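A short worksheet on the structure shown next.
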Amino acid sequence: MDAATNPVPGMFDLILRGETRLHRVMRDEAGLPEVIQKLLALSVLGLSIHGVVLGLAAELFEPRASLAWYQAGHPVVWLPLALIAAFLGALCICLPSFYFYTQLSGLDASFRLVTAQALRAQATMSVLLLGVLPFYAAWLLGTVVGVFDAPSTALFAGMCLPFAVGLLGIRAVYRGFCDLAEHLPITHKRRGNFLRRLVLCWGGVYTVVAPVALYRLGEALGSHL
């Protein structure tokens with residue numbers, strides 16, 4: 001069946017193995033609303049599951065004299081909420097900048113298309129989080145039962161994990177824009193690898209906003225939940 005008649009035949013599978021078909025799906029402006037919904041749902045799923053696992057481990061580890069901010073209160077309750085709100089909230093804050101950089105690069109992309117590409121990075125990160133989660137959960141379980149030392153290191157690694165796998169999400173966006181550049185109108189020519197500069201600007205802005213949002217939300221929610 002053609003991608004235009006069945007715009008999202010399985011977003012999880014498309015992100016993992018169907019890059020070429022996903023390119024075609026995301027070029028179809030008429031199907032973008034459903035694509036955005038699917039990418040958003042996948043983003044929330046990965047972040048929430050990772051947050052529950054990480055929060056549960058923070059609850060099970062023995063209290064220390066000085067708790068980190070992500071161990072305050074009941075992390076199993078507030079950490080999934082903080083992760084979802086921080087990453088998706090940062091995306092909303094950055095979207096106008098993303099659109100501006102895209103237009104500045106010469107690509108005549110709609111705001112809806114820019115939103116879909118941004119959510120593609122987020123959904124890719126969430127899918128990869130689900131993929132590495134069994135290995136990370138085994139590390140956490142080993143730390144809980146005393147097989148491994150330094151529980152604070154395990155927890156801190158879990159907080160950094162979304163940002164680490166998010167680099168592959170940035171790569172997915174770059175490949176997506178390379179495909180779009182072959183089909184979208186170019187309003188003005190840019191010298192050099194303008195697509196690489198575009199995606200680096202996207203990643204730089206998001207990398208500044210998301211950690212700050214997560215830290216502030218974690219402090220606020222951890223003191224109340």
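The values are calculated or read from the model by the stated rules, or taken from the named source; none is laboratory data. In this text the structure is predicted, and so the values were computed from the model without any measurement. Methodologically, a virtual Cβ is constructed for each residue, glycine included, from the backbone with ideal geometry; neighbour enumeration extends over all protein chains shown. Only protein heavy atoms, including side chains, enter the accessible area calculation; ligands, DNA and RNA are left aside. Shrake-Rupley method; radii C 1.70, N 1.55, O 1.52, S 1.80 Å.
Descriptive notes on the structure:
- Accessible surface area normalised per residue over the range 93-225 is 51 Å², counting heavy atoms of protein chains with a 1.4 Å rolling probe.
- Answer label, with Cα extents along the principal axes in Å calculated from the coordinates and candidates (i) 68, 42, 28; (ii) 76, 52, 22; (iii) 59, 36, 30: (iii)
- A simple packing score, the average count of other Cβ atoms within 10 Å per residue, orders the peptides 152-159, 141-148, 48-55 as 48-55, 152-159, 141-148, with the highest score first.
- Modelled FRET efficiency - R0 25 Å, V205 with S110, Cβ distances, 0.05 increments: 0.80
- FRET efficiency, A157 to R17 (Cβ-Cβ, R0 45 Å, nearest 0.05): 0.95
- Placing pseudo-labels 7 Å out from each Cα toward the beta carbon at F148 and H183 gives an inter-label distance of 4.1 nm.
- Each residue of the range 14-29 was assigned a 3J(HN,Hα) from its phi angle through the Karplus expression (A = 6.51, B = -1.76, C = 1.60, θ = phi - 60°), giving 5, 5, 6, 10, x, 4, 4, 5, 5, 4, 5, 4, 7, 8, 8, 4 Hz with x at Gly and Pro.
- Here the chain exposes an accessible surface that is 65 percent carbon and sulfur, computed with a 1.4 Å probe and the other protein chains kept in place.
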